[in-house]
Amino acid sequence: MTSIPRIGIDAMGGDFGPLPVAEGAALALREWPGRFALTLVGDQTEIRAALKRARVSESQVRIVHAAEKVDMGAKAAAAARKAGTSLGVLTQLHKERELDAIFSAGNTGAVVASALLGLGRLEGVSRPALAAFIPNSENGTVVLDVGANAEVKAPWLVQFAHMGAVYARFLLERQDVRVGLLSIGEEESKGNALVQETIPLIKAARGLNFIGPVEGRDLFKGTCDVMVADGFTGNVLLKTAESAATFLGRSVKAEIKRDPLAMVGALFMKGALDRLRARIDWQEYGAAPLLGVNGVCFIGHGSSGPRAFRSAIRTLTTFVEQKVNEHIREEIQSDHDSAA
């Protein structure tokens, strides 16, 4: 690895083409100059035009041409195997160690399939998991899986717990992170067959601070630092949380505009309102890691704007600097040794 993290982005993956990618790059380059090296993969003509509009010098960014892109509606496996796409070229660059971390705001299924086919899994990992950070009344909670595996087995959830705990330690800067298993009640007797099968396994796992089953409402209470679920349930929870945050932000703004006195008061509260918006806005966090693959792969929203790409660059850079994947590998191996 070079002295600074080499970050690669699928410039064609989002809903709005290379422009928000270039604008996000401009923000990151101004805010953290010299901290990372950036590569954009995609149609070079479109990327150059976007960089020019964003006032980013081509000397600051490496461009790798890819003639095609993966459509949002494409089937995951077929898209991952298609040669010459920006996602495929990006993944290959990471596999060949020309990049230390990659990010795409494209088709989630295709990104997951491309990472699995191109990078493979970390030794001992049965399935990778997509982890999302949700802000709450405490420090925030890492939720996984939020979409990589719609159906799972109990031992996989235990691995998700280990990987999520490592990521949370890095993200929240605390060692004894609390792990909860998403269920329909706090009592161990509740929950479906998957929850019932998982509880004894996760309780027996070495090195996990398992606090027991938790409910959806615990997400915003900050009851746990890591919340483990299957990908179907986790994705529903994530989308609901993001929708609630958007609704809250728009509602506050609408109510302020309806009342002249509130508008005056808002002027005095601008700093506090800006901090609240930043805290609940998913674009401040930018990206979710696909934990468990033999590489560093992050996935973002198709609707990502410049701030989301800027935040993603920061998050990927820090992930590489902190060597999170190496710690995950050690944690999984330690659990295997303990079970043996």
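The values are calculated or read from the model by the stated rules, or taken from the named source; none is laboratory data. Computed from a predicted structure; not experimentally measured. Here the Cβ positions follow ideal geometry from the backbone for every residue, glycine too, while neighbour counts run over all protein chains shown.
Observations, loosely collected:
- Selection status of residue 155, outside the structural domain of residue 76 (by TED's automatic domain parsing), without any contact (Cβ under 8 Å) to a residue 24 or more places away in the chain and more than 19 Å from the chain's Cα centre (by Cα): no
- Selection status of residue 51, more than 16 Å from residue 299 (Cα to Cα), surrounded by 22 or more Cβ atoms within 10 Å (Cβ to Cβ) and not β-branched (Val, Ile, Thr): yes
Each row is one residue, and each column tells you yes or no for (1) free of Cβ contacts under 8 Å to residues at least 40 places away in the same chain; (2) farther than 21 Å from residue 328 by Cα; (3) crowded, with 21+ Cβ neighbours inside 10 Å.
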site: 197; (1), (2), (3): no, yes, no
site: 211; (1), (2), (3): yes, no, no
site: 223; (1), (2), (3): no, yes, no
site: 239; (1), (2), (3): yes, yes, no
site: 243; (1), (2), (3): yes, yes, no
site: 247; (1), (2), (3): yes, yes, no
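- All strands (runs of 3 or more DSSP E) inside region 36-106 with 1 or more residues being in contact (Cβ under 8 Å) with a residue 24 or more places away in the chain and either more than 25 Å from residue 310 (Cβ to Cβ) or among the basic types (Lys, Arg) (or both): 61-65
- If you check 183, 137 for being over 13 Å from the mean Cα position of the chain (by Cα), over 20 Å from residue 244 (Cα atoms) and of a type in the set (Ser, Thr, Tyr), only one passes: 183.
- When region 75-131 is limited to residues that are β-branched (Val, Ile, Thr) and over 14 Å from the mean Cα position of the chain (by Cα), the one that is nearest to residue 296 (Cα to Cα) turns out to be 91.
- Cross-chain or 6+ apart pairs with Cβ under 8 Å, region 117-139 first and at positive phi, then among the basic types (Lys, Arg): 124/329
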